[in-house]
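Rule-based calculations on the coordinates, nothing more; no lab input. This one's a predicted model, so the numbers in the text were calculated from it and none came from an experiment. We place every Cβ from the backbone using ideal geometry, glycine too, and count neighbours over all the protein chains shown.
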Amino acid sequence: MIELGINIDHVATLREARKTYEPDPIWAAVEAQLGGADGITFHLREDRRHINDDDAQRLCDADVIHVKRNMELSLAEEIVAIACRLKPDQATLVPERREEVTTEGGLDLPVHGERTAEASKRLKEAGVFVSAFIDPDTDQVDAAAELGFDAVELHTGAYANAADDARQTELSRLITAGQRAVESNLRLHAGHGLNYHNTPPVAAIAEMAELNIGHAIISRAVFTGLRDAVRQMKDLI
Ligand code: PXP
């Protein structure tokens, strides 16, 4: 069964629009769980534009959350130290740029190998399962295996944004990189830009173990409620 992780950052983004206390990401996590989510994903960004330190702490502490906690984080020393202290079930290392609207590309592991390996080592020593968010290229997968990651999350943004005639090419890249990850004993995850239309072909990739989806599900939840929106995506995958 493919696990579905729900990225709840947008709930905190809405709260930050008014700098108030609602909507609460913890409540969102519980609603997602009631809809059948297998995990809760959140990104503690260096600029704290949505999830803040208190959210991260409460998401990791709340005993009403029984599903996997997946914390996305950059390689910044401060954030890695927080993750080592909070000990989420899983950490997904991502690149981060202040000016980006959302995570734009994967980590370039051959380029940032040393820093990435150091962050990954510290997280693993804290007992955290560590994944790397990478573009779907075999050299990135090979680097992830060499650096000792437990999993890779393939960036599906190029596939999701591709025009109809390019989509198959992008899907093939995901399939090839996914196969290489599985051969290298890396758990296979994917995410970014997935929605109710484009997710099934990605869910059909052999040995896909986890999909992390935020924007489409939170958008649908505005109209259907989060439980239903999660349930609909679960049914789809
Ligand atoms: N996976 C990673 C590593 C991400 O950074 C994001 C976006 O925060 C997602 C998955 C979810 O992407 P989307 O919101 O487009 O579904």
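In nm, what is the difference between 0.36 nm times the number of residues separating Arg58 and Thr13 and their Cα-Cα distance? Don't skip to the end; give the middle numbers.
Values: separation 45, 0.36 × 45 = 16.20 nm, distance 1.66 nm.
Roughly 14.5 nm would be gained on extension.
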What does a probe at Arg115 reach in segment 36-58, counting residues whose amide N is under 20 Å from the point 7 Å along Cα→Cβ? 43-49
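Only sites in a loop by DSSP and with at most 13 other Cβ atoms within 10 Å count here; which chymotrypsin sites (Phe, Trp or Tyr not before Pro) in segment 1-83 make the cut?
The qualifying sites are Tyr21.
Quick one: dipole size for segment 107-148, taken about the Cα centre, charges +1 on Lys/Arg Cβ and -1 on Asp/Glu Cβ, in debye to the nearest 20. Please list the in-between numbers first.
Details: 4 positive and 9 negative charges, 69 e Å.
Charge dipole of segment 107-148: 340 debye, to the nearest 20.
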Taking only Cα atoms of segment 1-73, the Rg to Rh ratio with Kirkwood Rh works out at 0.95
So how far apart, in nm, are the two label points at Ala209 and Ala163 if each is 7 Å from Cα heading toward Cβ? 3.8 nm
When N counts the residues of the chain, how does its alpha-carbon radius of gyration compare numerically with 2.2 N^0.38 Å, as a ratio? 0.94
Expected 222 nm ellipticity per residue - DSSP helices of 4 or more, -39500 (n - 2.57), all of the chain, to 500: -14500 deg cm²/dmol
